[in-house]
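Here the structure is laid out as structure tokens; the discussion comes afterwards.
The values are calculated or read from the model by the stated rules, or taken from the named source; none is laboratory data. In this text the structure is predicted, and so the values were computed from the model without any measurement. As a convention, Cβ positions derive from the backbone with ideal geometry for all residues, glycine included, and neighbour counts pool all protein chains shown. Ligands, DNA and RNA are stripped out before the accessible areas are found, and what is left, the full protein with its side chains, is counted by its heavy atoms. Shrake-Rupley method; radii C 1.70, N 1.55, O 1.52, S 1.80 Å.
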Amino acid sequence: MNLFTTNNPSFPAGLRVLAVDHDTYDLYTIHHICNQLHYQVTTCSTTSQATHFLSRQHFDIIVIETHIPQQDTYGFVQQVTSHLKIPVIMMSLDNRTCSVMDSISNGACSYWAKPLDENLFKNMWQHVVRQHLVQKESEAKGLKKLGREHLVQKESEAKGLKKRGRDDEVHVSKQPLAKKARFSWTDDLHQKFVSVVNHLGIKNAKPKKVLKIMDCPGLELQHVASHLQKYKMYLDGGIKNSKMNQKNNETQAQDQCHDNWTEIDETEVFFSLTDFSPDLNDDIHNNNYAVSAESIDSPSTSLPQLGQYSMTPPDQCDDSDIFFNLTDLFPNLNDELHNGIW
């Protein structure tokens, strides 16, 4: 409302007044005084007419007779003050306290007793200013309350998000962790590992170098590091009866068997047989005979029964003859030699 601001130094001139009274003389008096004070006044005799004017234009203040025949003036005052927020002054010839209390309790900001005095109109602008200040304060309180509610809502949302985050963390923490697949060192992979370590040298064998040279899919640095550490402990005698010990023993046994087989000759095979049968060498050399293939009647003949077979003089046979003649005595000898049993 710009009517009484600092931009309008002529205030309260131009105050917009609506007068409602069934007494035409009182209406004339109100109109005359308002004109002298440079107020803009509109007059009517019924509340229905007043409602019509209010729907078409804005008024700063309303002056209405308390007792208008067949009119609900109190209801009209309640509606105007509650919905339109316009200050209302009620007036009457009835000066009883109960009449004044009824007017104030129904929303009137003041009560005038007739006959009307000009000074009452001179100061009526104060009710307009008061109403404006009250309305402004109410709006400020409403905004402040709305701000607090908004702040509380934001805090509540933040707490809800924080609690939901904690619940999610608890839910995640309760989920079992996925177990990593354990890496399995096969015999071939272990042999390759040992070959790389022997190539580099145990002192120069580092996990990164070993991993790079092996170049095996799925093999990671931690696998090589762990296996290398166990292998070094094995070499230092720190691991006994382990899988690695078993693998290394098998590897060494295979290598030794292969080396021995590639280097063995027939004579060594024969003399190894003397370890199996200590009397074989004495029987052959002391009795001056060798086993002849033609003299063997049965492949199941055992060594203690050698004396019953015909023998060849030692000057007529060599070691190879003895070796090949033994195959007649032991039919499975060749297979057993190739399989590394002997």
More than 18 angstrom apart: percent of Cα pairs within the range 36-97
35
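Would you mind checking Lys85/Lys145; Lys85/Lys159; Lys122/Lys145; Lys85/Lys122 for any pair whose Cα atoms are more than 32 angstrom apart?
Exceeds cut-off: Lys85/Lys159; Lys122/Lys145.
Would you mind counting up the charge near Lys136? Only other residues with Cβ under 14 Å from its Cβ, with Lys and Arg at +1 and Asp and Glu at -1. All intermediate terms of the calculation are to be shown ahead of the outcome.
Values: positive: Lys85, Arg130, Lys141, Lys144; negative: Glu137, Glu139.
Around Lys136, the charge tally is +2.
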Once neighbouring chains are kept in place and the probe is 1.4 Å, which whole percent of the accessible area of the range 13-118 is contributed by carbon and sulfur?
52
Which whole-number percent gives the relative contact order of the range 62-130, counting Cα pairs below 8 Å spaced six or more residues apart?
31
With an 8 Å Cα cut-off and a minimum separation of 6 or more residues, compute the relative contact order for the range 28-103 in percent.
26
Would you mind putting 84-94, 21-31, 48-58 in packing order, based on average other-beta-carbon counts within 10 Å, highest first?
84-94, 21-31, 48-58
How much net charge surrounds Ile33 when only other residues with a Cβ under 12 Å from its Cβ are counted (Lys, Arg +1; Asp, Glu -1)?
-2
Return the Cα extents of the range 1-154 along principal axes one, two and three, sorted largest first, each rounded to a whole Å.
61, 37, 30
Quick one: net charge around Pro12, please, counting Lys, Arg +1 and Asp, Glu -1 for every other residue with C-beta under 12 Å from its C-beta.
+1
Run the quick spin-label model on Lys122 and Ser195: label points 7 Å from Cα toward the beta carbon, then report their separation in nm to one decimal.
12.3
